[in-house]
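Here is the structure we will look at.
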Amino acid sequence: QVQLVESGGGLVQAGGSLRLSCEASGNIISINIMGWYRQAPGKQRDLVATITGGGSTNYADSVKGRFTISRDNAKNTVYLQMNSLKPEDTAVYSCVADATAMKDGLVSRNDYWGQGTQVTVSS
């Protein structure tokens, strides 16, 4: 199985910065895409950013130029640097990993999710 643990959320004033981290662990064989999603109260979960193993990135239009996704493949860790934060960025941020892992003696590929970390931006 694969476990994802996020850290780095918190409360920050508008215009401030936060850095989120998400480390994957377990019987991992390889990780393809890693990414971040967010869900605000009463809203659907939306894509924030993704990154491939080769470093290709994709961002939601709402965060382009403010957020930067990166990863350390040796540590199975993905990061989200968030600058110029706005109140509308307030949400629970969850990481996801498209991973191939050993499960019950078999190789399987699945999407694995972290538990989420709260980011609150005050105006």
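All of the numbers you see were taken from the coordinates with simple rules; none came from a lab. No experiment lies behind these values; they were computed from the predicted model shown. No Cβ is skipped: glycine too gets one built from the backbone with ideal geometry, and neighbour counts run over all protein chains shown.
Some points to look at:
- Peptides ranked, highest mean first, by Cβ atoms within 10 Å: ranges 36-46, 80-90: 80-90, 36-46
- Rounded to the nearest 20, the size of the Cβ-charge dipole of the chain about its Cα centre is 140 debye, with Lys and Arg at +1 and Asp and Glu at -1.
- Highest-fluctuation residue, 91, 74, 49 considered, GNM on the chain with Cα pairs under 10 Å: 74
- Distance from the Cα centroid of region 1-23 to that of region 39-117 is 10 Å (rounded to whole angstrom).
- Bridging of residue 64 to lysines at a Cα separation below 21 Å is possible for 43, 86, once same-chain residues fewer than 8 apart are set aside.
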